[in-house]
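Colleague: Submitted below is the structure of interest, expressed as structure tokens.
The values are calculated or read from the model by the stated rules, or taken from the named source; none is laboratory data. Just so you know, these numbers come straight off a predicted model, no measurement behind them. When we count neighbours, we look across all protein chains shown, and the Cβ atoms used for this are built from the backbone with ideal geometry, even at glycine.
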Protein chains: 2
Amino acid sequence: MENKPFHTLKVGVFDSGLGGLTVLSELTKVSSGVKFFYLGDTARVPYGIRSDETIIKYSLECTRFLLKFEIDILVIACNTASAKATEVLKKEFPFLKIFEVITPAVEVVSSVAKRSVGIIGTPATVKSNIYLTRLKALNPSLEVFQKPTPLLVPLVEEGITDGKVAFEVLKYYLWEWKEKIDTLLLGCTHYPLLENSIKKLFPHWGIVNSAKPLAQKLKPLLNFGGKNEIRLYFTDKTAFLEDMVKRVSLKGEVKGVEIGNLL
Amino acid sequence: MENKPFHTLKVGVFDSGLGGLTVLSELTKVSSGVKFFYLGDTARVPYGIRSDETIIKYSLECTRFLLKFEIDILVIACNTASAKATEVLKKEFPFLKIFEVITPAVEVVSSVAKRSVGIIGTPATVKSNIYLTRLKALNPSLEVFQKPTPLLVPLVEEGITDGKVAFEVLKYYLWEWKEKIDTLLLGCTHYPLLENSIKKLFPHWGIVNSAKPLAQKLKPLLNFGGKNEIRLYFTDKTAFLEDMVKRVSLKGEVKGVEIGNLL
């Protein structure tokens, strides 16, 4: 019988900023005995308005930082980086198990949507057509619309998730889909914070976000018993950082929060 | 009589992104025979949500890039960098003439405001209290209010400068000042694009932005006769870049636009 030394599973999670904390939260909820290392690139958020080259460069830098902790699994918690950098990261780091937020969401939408789906995301995510292409491949009978909604991230970061301004902005982007779609895919980790307002405006829509489907997919890999340990890293201190870190519910012990010029 | 070789004046202008092009535009309008070098840090825009350390680091990097062209004058066209990095840049580069966008705007507001002034800007600019402090120092009798308006930059970058959404967002921030102020200071280079909508909502206010007062202040230094030459540099290609470069009116010959990983 082989006598393997006990090795705690280490999971690295990176995001362009704070939005990915919602993904980390769901991951910790389905895990036990895992060490999580989260990197939020708050010094260069948002990624969704930048060029492919820059998004790939930043994603490589984030991954290299997390590799210092000898992670076994990498989770790309940012939709933009998932859309633009996954293939490059898989080629560059073939020894890493890499998961992204797009595939699990597409699988869920494909099975729950009736006839037509709307996809919203950052300009870079939408321009990549990745959700559209994957969804059409899985379920060619679905009618799929998509649209970049760049105001929603700043709106959420400003703490405006309901009220007149939120409703006007949501109507500005989504009203034309009112009778056109039955399912809305939130293609950005910030958008779940607007879910209640979207439901008030469009109560007949089904709404799917990436965090929960991803967590369900990873669950079988993440259970060893005992407490999770969580370390958080951010490349810059921004206005809502501490507030967000306090508000996000993490299952496990937060062993440290480091903020600074890390990359 | 000394025989000096003819030296063309070189002016470096940097901004966090595209907003500073409005400043460059005004500068070229009051100049002749000047070489302008503009750097927009579109790979890391926006600066206004970042920490002081990061804003200073980025401003040093932008200045060092422009120094490669042996500039004589540096214009900080970004309000956030003006507020946070001017003193450091002056200490680090004592041989450079450095101008920023805050002082000229404060001087104009101080002379045109009747009783009370509202200042809007990015979170970093407002938190620095720089406009408030300078204005109070120049004109202690003025009543001064200030407020961060972080949604306005994304709004402008999304091309929404009038209509229902723009009005709702502007009312969200400014309605409470309706009868409280007589003059509004636009403490961000993006905001002039919303000036017409602000005038429609608050026709009784005087509105001051930084670009024109700065250009008037620099005018005596910038006239040598002949054509201006302009070179534009951007650290990343973003969605509205080419559109903005086309729309901005520059007096002089644009000798080149370079976009890429420059810093």
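Colleague: Applying the selection to the stretch B:129-176, what residues are closer than 21 Å to B:THR103 by Cβ and of a type in the set (Ser, Thr, Tyr)?
Modeller: Residues satisfying the conditions are B:TYR131, B:THR133, B:SER141.
Colleague: Being without any contact (Cβ under 8 Å) to a residue 24 or more places away in the chain, among the polar types (S, T, N, Q) and at negative phi narrows it down to one of A:THR80, A:THR86, so name that one.
Modeller: Just a single option satisfies the conditions, and that option is A:THR86.
Colleague: Please work out which one of (1) crowded, with 24+ Cβ neighbours inside 10 Å; (2) more than 16 Å from the chain's Cα centre (by Cα); (3) under 20 Å from A:LYS251 (Cβ atoms) is the condition A:PHE69 fails and give its number.
Modeller: It is condition (1) that A:PHE69 fails.
Colleague: Looking at the stretch B:118-173, which of its residues are hydrophobic (A, V, I, L, M, F, W, C) and free of Cβ contacts under 8 Å to residues at least 24 places away in the same chain?
Modeller: B:LEU132, B:ALA137, B:LEU151, B:ILE160, B:VAL165, B:VAL169
Colleague: In addition: Taking A:THR28 as the residue in question, decide whether it is within 26 Å of A:SER249 (Cα to Cα), in the same structural domain as A:ARG231 (by TED's automatic domain parsing), polar (S, T, N, Q) and touching a Phe, Trp or Tyr at 6+ places or on another chain (Cβ under 7 Å).
Modeller: The answer is yes for A:THR28.
Colleague: Tell me, yes or no, whether the stretch B:34-43 has at least one residue that is touching a Phe, Trp or Tyr at 6+ places or on another chain (Cβ under 7 Å), within 23 Å of B:ALA215 (Cβ to Cβ), assigned to a helix (DSSP H, G or I) and outside the structural domain of B:THR189 (by TED's automatic domain parsing).
Modeller: no
Colleague: Given the criterion closer than 24 Å to B:ALA83 by Cα and at pLDDT 95 or above, identify the matching residue among B:TYR191, B:TYR173.
Modeller: Just a single option satisfies the conditions, and that option is B:TYR173.
Colleague: Could you grab me the full set of residues in the stretch A:192-241 that are among the β-branched types (Val, Ile, Thr), more than 14 Å from every other protein chain (Cβ to nearest Cβ) and in contact (Cβ under 8 Å) with a residue 60 or more places away in the chain?
Modeller: Passing the criteria: A:VAL208, A:ILE230.
Colleague: So B:GLY12 passes all but one of these: (1) over 18 Å from B:VAL101 (Cα atoms); (2) touching a helix residue (DSSP H, G or I) at 6+ places or on another chain (Cβ under 6 Å); (3) more than 14 Å from chain A (Cβ to nearest Cβ); (4) not β-branched (Val, Ile, Thr). Which condition number does it fail?
Modeller: All conditions are met except number (1).
Colleague: Oh, and also: Taking the condition of being surrounded by fewer than 16 Cβ atoms within 10 Å (Cβ to Cβ) and within 14 Å of chain B (Cβ to nearest Cβ), how many residues in the stretch A:139-151 meet it?
Modeller: 1
Colleague: Just checking, which of A:LYS136, A:LYS199, A:LYS180, A:LYS164 is in contact with a Gly (Cβ under 9 Å, 6 or more places away or on another chain) and either assigned by TED's automatic domain parsing to the domain that holds A:ILE76 or surrounded by fewer than 18 Cβ atoms within 10 Å (Cβ to Cβ) (or both)?
Modeller: Exactly one residue qualifies, and that residue is A:LYS180.
Colleague: Mind checking which residues of the stretch B:242-263 are of a type in the set (A, V, I, L, M, F, W, C) and either within 14 Å of chain A (Cβ to nearest Cβ) or farther than 30 Å from A:TYR58 by Cβ (or both)?
Modeller: B:MET244, B:LEU250, B:ILE259, B:LEU262, B:LEU263
Colleague: Would you call A:VAL109 crowded, with 24+ Cβ neighbours inside 10 Å, more than 14 Å from chain B (Cβ to nearest Cβ) and β-branched (Val, Ile, Thr)?
Modeller: Answer is yes for this residue.
Colleague: Kindly provide the set of residues from the stretch B:47-56 that are outside any helix (DSSP H, G or I) and either at the interface with chain A (Cβ under 9 Å from one of its Cβ atoms) or modelled with pLDDT of 95 or more (or both), ordered by number.
Modeller: Passing the criteria: B:ILE49, B:ARG50, B:SER51.
Colleague: Here is a check on your reading of the model: is A:PHE99 among the aromatic types (Phe, Trp, Tyr), more than 14 Å from chain B (Cβ to nearest Cβ) and crowded, with 16+ Cβ neighbours inside 10 Å?
Modeller: So A:PHE99 fits the description; yes.
Colleague: I would also like to ask the following. Which ones in the stretch A:152-179 are within 9 Å of chain B (Cβ to nearest Cβ) and aliphatic (A, V, I, L, M)?
Modeller: Scanning the stretch A:152-179 gives A:VAL153, A:LEU155, A:ILE160, A:VAL165, A:VAL169.
Colleague: Being surrounded by fewer than 24 Cβ atoms within 10 Å (Cβ to Cβ) and outside any strand (DSSP E or B) narrows it down to one residue among A:SER25, A:SER59; which is it?
Modeller: A:SER25
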